[in-house]
1. Looking at segment B:195-205, which of the residues that are at pLDDT 95 or above and of a type in the set (Val, Ile, Thr) is farthest from B:Ala240 (Cα to Cα)?
2. Looking at segment A:204-211, is at least one residue within 14 Å of chain B (Cβ to nearest Cβ) and either buried (at least 18 other Cβ atoms within 10 Å of the Cβ) or within 16 Å of the chain's Cα centre (by Cα) (or both)?
3. Taking interchain pairs and intrachain pairs at least six residues apart, which have beta carbon atoms under 8 angstrom, with the first residue in segment A:162-185 and of a type in the set (Val, Ile, Thr) and the second crowded, with 23+ Cβ neighbours inside 10 Å and assigned to a loop (DSSP other than H, G, I, E, B)?
4. When A:Ile268 is evaluated against the numbered criteria (1) under 20 Å from A:Leu123 (Cα atoms); (2) under 17 Å from the mean Cα position of the chain (by Cα); (3) among the β-branched types (Val, Ile, Thr); (4) open to solvent by 30 Å² or more (accessible area, probe 1.4 Å), which criterion, by number, is the only one it fails?
5. Going through A:Glu228, A:Glu258 one at a time, which residue ends up being under 28 Å from B:Asn38 (Cα atoms) and within 14 Å of chain B (Cβ to nearest Cβ)?
6. Restricting to segment B:245-255, give me the number of residues that are open to solvent by 70 Å² or more (accessible area, probe 1.4 Å) and at pLDDT 95 or above.
7. Answer yes or no: is there a residue in segment A:229-242 that is part of a helix (DSSP H, G or I), charged (D, E, K, R) and open to solvent by 50 Å² or more (accessible area, probe 1.4 Å).
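The values are calculated or read from the model by the stated rules, or taken from the named source; none is laboratory data. A quick note: this is a predicted structure, and the numbers were derived from the prediction, not measured. Because the Cβ atoms are built from the backbone with ideal geometry, glycine has one as well, and the counts that use them run over all protein chains shown. All accessible areas refer to the heavy atoms of the entire protein, side chains included, with ligands and DNA or RNA removed. Shrake-Rupley method; radii C 1.70, N 1.55, O 1.52, S 1.80 Å.
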Amino acid sequence: MISQHCISEKKLIGILHEPAEKRDMGVVLISGYSLPMCDVDYFMSKLARYLCGNGMFVLQLDMRGHGDSVGNLEDVDENTLIEDMEEGIKYLSQFTKNVFFVSRGVCASLACVFLEKEIIKGLVGICPYLLSKDVVKQLWVGLPDRQWYEGKELIEGKEYRTLEDFDQNKIAFFNALGVRLRNILAQKINGNFFGQLQKKDIGKQFFLVDKKKILILFSSPTTKSGVETFYVSEMHQTVELEKYISSGFQRNPVWQYEVSKVICDWLIKM
Amino acid sequence: MEIPFEVIVDNKKIVGIMHMPEKLEEIKLIMLMVYGFNGERVDNNRISVLCGREAAKCGFCFVRFDYRGLGVSEGEFWETSLITKVQDVLAVIKYIESFLERETDFILLGFSDGARVVSRIVEVSPKIKGICLWSPVLNPIVDNVHGNIPRKFFREPMTGSLVSPHRGLWVGYQYMKEQSEEDNTREIELFQGKILSIFGGGDPVVKETKDALTRISSTAEKDIEIAMIPEADHLYSQYAWVIQVISKTVKWGLTLL
């Protein structure tokens, strides 16, 4: 059964899934950047039910500026994302001392900092942000520094349903963040956060922590399930933009189901 | 203030948020968000959240929730249909009245395919004083299966239910049938209350519905206002369009107080 909560003094809204038959483990689910906690195609809600059905406590959480929580996206930067994800961990720690983290895009990469904590037993990154700062800087050459940028200023087009006249490299960039493009065009992205993506290789965090605690997933047309799993030692520290077009998050219910199975099996083995 | 709430419908929990002005006893009217096919209670670019916050500032109550099978509510998308969505809306209306401890009038805000749900509600509920429609779709839609998925029907892996893929979702047979066969314009035409319908000038999806509602507004003695947001797409994917939609909606809503 689910229950809705206002967690922390920051008034973040979350949904707790409490299992009928309980394992001593819990999972914090964080959606792609700018998206509500259900995520695109309700992926995180579906994943939550799958994991809860396998005995895990699950918390879906809206960070500040996302979904139902307070604030606006233009006030969200790296620090607020990390602070709010940590609130989710604190909340779930009431139920279990074995907490796992699952996220997509840039939030998955930022969540690496939590692996230092005793309570965090593992992290799953679904198409996590692994772009090089130099590639990102190149995409936005000439863009002046500002307090915030409206989504439509960063990427333009008129075919809103198919996105076929939008710049493919910029679509890849937003995919890497975990964004659903149509959901960002009318929102404002924090200028400081945007600038940090051009100054730091955020994805390098994966290579500085305990590799045994990390699972990275992308999509692949060559595997039977469509899901390609990576272990950090096999990967380069950055990936190309094109990977987030050819191997990114798939809006396909079969793929999303296969990903849920892979994640659940890995969490249980941990 | 924003108050989370939960309602049980057919053993499944649906969850929502009520945006309330400070003085509950002064609430005269409630606007209830009835979003479309595969939306959720926050919706594209948080338009529902922004509308709720603006409405509460202007003194009326705005309620948004996730239907069973959508967003963060319980249930699976392939179990959803227009029938279940109508049941959910009626359950939320009943809950709100019990929360306020009195009967009250409602405005339904139908977004896209949500206009179909609205059309069915106004047929059965006398509590609806007005209808606001954003990018309404009331005509049959015959092909809602995404082109690049080769098979039309699958067995959903966990339950074996017959479903069809739409983006990352499994759509149930009942909902596909309802969408492809029903024209819900007549129910809107018969509604006796005030209507505001907002369309995007760059939205090809709503052409049939726009033509139908324009015809109704010009031929009958009905209180229908048709508003256009030039160049806007179906989901109002620019900040200026979001602000215009919300502003028109709230201003119109205040005229019903």
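1. Applying the filter and picking the extreme gives B:Ile195.
2. no
3. Within 8 Å, the pairs are A:Val179/A:Gly32; A:Val179/A:Tyr33; A:Val179/A:Ser34; A:Val179/A:Leu35; A:Ile184/A:Ser34.
4. (2)
5. That would be A:Glu258, the only listed residue that is under 28 Å from B:Asn38 (Cα atoms) and within 14 Å of chain B (Cβ to nearest Cβ).
6. Looking only at that region, the number is 2.
7. Looking through segment A:229-242, at least one residue is part of a helix (DSSP H, G or I), charged (D, E, K, R) and open to solvent by 50 Å² or more (accessible area, probe 1.4 Å).
Condition check ((1) open to solvent by 10 Å² or more (accessible area, probe 1.4 Å); (2) charged (D, E, K, R); (3) more than 25 Å from B:His234 (Cβ to Cβ)) across all residues:
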position: B:Cys51; (1), (2), (3): no, no, no
position: B:Phe60; (1), (2), (3): no, no, yes
position: B:Arg64; (1), (2), (3): no, yes, no
position: B:Ser73; (1), (2), (3): no, no, no
position: B:Ile83; (1), (2), (3): yes, no, no
position: B:Gln87; (1), (2), (3): yes, no, yes
position: B:Leu90; (1), (2), (3): yes, no, yes
position: B:Val118; (1), (2), (3): no, no, no
position: B:Ser125; (1), (2), (3): yes, no, yes
